[in-house]
Amino acid sequence: MDFSFLSEPAFSGGGTYFDWVLTGIKWTMLVSLCAWVIAFTVGSVLGILRTTNVIWLRGPATAYVELFRNIPLLVHMFIWYFVMPEMVPKALGTWMKTGMPMPEFWSAVFALGFYTASRVAEQVRSGIQSIPRGQTNAALATGLTMPQVYRHVLLPMGYRIVVPPLTSEFLTIFKNSSVALTIGVLELTAQARTISEYTFRTFEIFTLATVVYVVITLAVVVLMQYVETRIRVPGYIGTGR
Amino acid sequence: MAMIEFKNVSKWYGKFQVLKDCTTNVEKGEVIVVCGPSGSGKSTLIKCVNGLEPFQQGELMVNGQSVGSKETNLPKLRAKIGMVFQNFELFPHMSVIANLNLAQVKVLGRSEAEATEKSRALLTRVGLIDHAPKFPGQLSGGQQQRVAIARALAMDPIAMLFDEPTSALDPEMINEVLDVMVELAQEGMTMMVVTHEMGFARKVANRVIFMDRGEIVDDASKDDFFGTTRSERVQLFLSKILHH
C-alpha cells in the first residue's frame, strides 16, 4: 500500500488529497454530533412521554416512534432534502432551495437526528420502565409530585441503566452519517469515494477511511466508559462492583 | 375525630373486587396491626390511606381530609404520612443521608443544612449514623429498612404506615427493625402495620384487624384477638403462623 498520493495536490480546491480527508472528517463529526444533540433531546422527551399514563402525551409519542423507526434512514434523507421544500409553504420552500445555507448539511442533520430520536426514545423508555413500581410509590409517599419523582428518582436511575445501549446508538450515528453522501454532504465516505475516483487508490483510501471511523468510534467508547464509571452507583446490582 | 377513618371502602381491579366494604378507624396514637393470608387485601388497604391505590367506593378520611376527593392535594397529604415498604425502596443512586434529605428539601422546603441536621439525628436514633455517606446497596437489608424508617420520620409524620416491613428480611435482621418500630409505638406514634409478626402485635398493638378475601373479618382489641375464641377462619390463620 502506498499512501504517498495523500500529499499530492488535489484535483481542485488548492489543497492536497489529505486536506480532502480532513474535510470529510470535519463533516462526519459535524453531522453526527449535531444529529446526536437532536436525537438525545427529542428522544429523551419522547421516551419520557411514552412512560406517562396521560394518553394525549403518550399517544403522539408512540405514533412518532412507530412512524420514524419504521422508515429506512435513506428515505428520511431524501424526504428532508427533496420532499420537505415542496411540502412547506411556497415562500419557505423557495428559501430552503435557494437561500438556506448548507441545505444538504441541515437535511442530513435533521434526517439522522429525528430518525435516531425514535431509537433513543425506546431506550429511555425501557430504562425508566425497568425501575420497579415500588420506587415510584416510595417517592410519591414522601410527598414528591410526579414530575419531581421523574427528576430525582426515575431519570437518574433510568439513564444509568441505559448507558450501554445509548453508547451503541451514539456509535451508530457516526456510522449512519455516511448515508448523508446520498444527498451530497461531503463527509468521510463521500470524500474517500471521490479521492478513489481521482487517484485510483481505492484500496488505500478506503483503508484510511475505515481506520478513521474506528478511531472516532473507539474514542466514543472510551468516553462512554468514563461516563459509565463516573455515574456508577456503589453497591448497586448490575454495576459489576 | 379519628386520624384514619375507613367508611365502606371498596375497590375493584377490573371485575375482581379486592376490597369489600372495609370500615374501621385508627385513633391518634393507636397502633393497629393488619394481618391475614396473602392476597387478602392488606397491602391494598394500607396503600389506600395515602392514595397510592385509588378506590372506587366509600370514603376514607385522613386527618379530616377525604383521600378520594378530587380537591385533596395528595402530595401534601402524603408528606404528613410516613410509609415503609416491604422492599425498603431506598433510592439506590443516593447516599443514605441524601435519601433522608430529598423530600425534606423538595417537599417541606427545608434548607440542605436543616435537613442534614434532622437526618443525622434520626440516623443516630436508628443506630446508623456511621453509614450516612454510604449507598443503600452497601447496607444489609435490616440496615436499609431502618434507613427507610428514618427517611419517613424525617418528614415529621402524623402517622406511619408499614407494609410488611420485615417480610423481605433475613430472620436475624427482623428484630433490629422491630425494635425501632416498638420504640416508635411506645412514643405514641399513630401506626398502621401490615405484618405477620404476632410478637410485635402482642407487644404494642392496640387493635388487630384480620382480613380475608378483601373483607375485614375481625377487628378486635389485642387482648380479645389473642385471648378469646375467634372465628374459625382467624383460628386457622393463627394456627398456621403461630407454629413456633
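Summary of values
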{"read-out": "Folded to 0 to 90 degrees: helix B:141-153 orientation relative to chain B principal axis, Cα", "value": "90"}
{"read-out": "Cut-off 12 Å between beta-carbons: net charge of the residues surrounding residue B:50, Lys and Arg +1, Asp and Glu -1", "value": "+2"}
{"read-out": "Dipole magnitude (debye, nearest 20) for the range A:73-220, charges at Cβ of Lys, Arg, Asp, Glu", "value": "420"}
{"read-out": "Fully extended contour minus Cα-Cα distance, from residue A:151 to residue A:90, at 0.36 nm per residue", "value": "17.7 nm"}
{"read-out": "Chain A, relative contact order in percent, only Cα pairs under 8 angstrom and at least six apart counted", "value": "26"}
{"read-out": "Choice from B:14, B:29, B:51 showing the highest fluctuation, given a GNM over chain B with Cα pairs closer than 10 Å", "value": "B:14"}
{"read-out": "Farthest positive-ward along the protein assembly as shown dipole, Cα basis, beta-carbon charges - from A:4, A:185, A:210", "value": "A:185"}
{"read-out": "Dipole of the protein assembly as shown, positive direction: furthest Cα of A:172, A:96, A:158, with charges on the beta-carbon", "value": "A:96"}
{"read-out": "Charge dipole (debye, nearest 20) of chain B; +1 at Cβ of Lys and Arg, -1 at Cβ of Asp and Glu", "value": "500"}
{"read-out": "Cα long-axis angle, helix B:232-241 against chain B (0 to 90 degrees, to the nearest 10)", "value": "40"}
{"read-out": "Loop chymotrypsin sites (Phe, Trp or Tyr not before Pro), the range A:141-217, which have at most 14 other Cβ atoms in a 10 Å radius of their Cβ (DSSP)", "value": "A:200"}
{"read-out": "Packing rank of A:4-14, A:108-118, where each peptide gets the mean count of other beta carbons within 10 Å, highest leading", "value": "A:108-118, A:4-14"}
{"read-out": "Gain on full stretching of the segment that runs from residue B:175 to residue B:65 - 0.36 nm per residue minus C-alpha separation", "value": "36.1 nm"}
{"read-out": "Span from the the range A:10-37 Cα centroid across to the the range A:102-155 one, whole angstrom", "value": "33"}
{"read-out": "Residue-averaged 222 nm ellipticity for chain A, from DSSP H runs of 4+ at -39500 (n - 2.57), nearest 500", "value": "-22500 deg cm²/dmol"}
{"read-out": "Chain A: DSSP helices with Cα axial extent of at least 24 Å and average Kyte-Doolittle hydropathy no lower than -1.0", "value": "A:17-51, A:103-129, A:202-230"}
{"read-out": "222 nm mean residue ellipticity, helices alone, for chain B (DSSP H n ≥ 4; -39,500 (n - 2.57); rounded to 500)", "value": "-11000 deg cm²/dmol"}
{"read-out": "Diffusion constant of the range A:21-188 at 25 °C, which comes from Stokes-Einstein with the Kirkwood Cα-pair radius and 0.890 mPa s, µm²/s", "value": "142"}
{"read-out": "By average C-beta atoms within 10 angstrom, highest first, the peptides B:149-157, A:215-223", "value": "B:149-157, A:215-223"}
{"read-out": "Contour minus Cα-Cα distance for residue B:182 and residue B:220 (0.36 nm per residue)", "value": "11.7 nm"}
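Any read-out appearing in this document is the output of simple, stated calculations on the displayed coordinates, not a laboratory observation. A quick note: this is a predicted structure, and the numbers were derived from the prediction, not measured. Neighbour counts run over all protein chains shown; Cβ positions are idealised from the backbone, glycine included.
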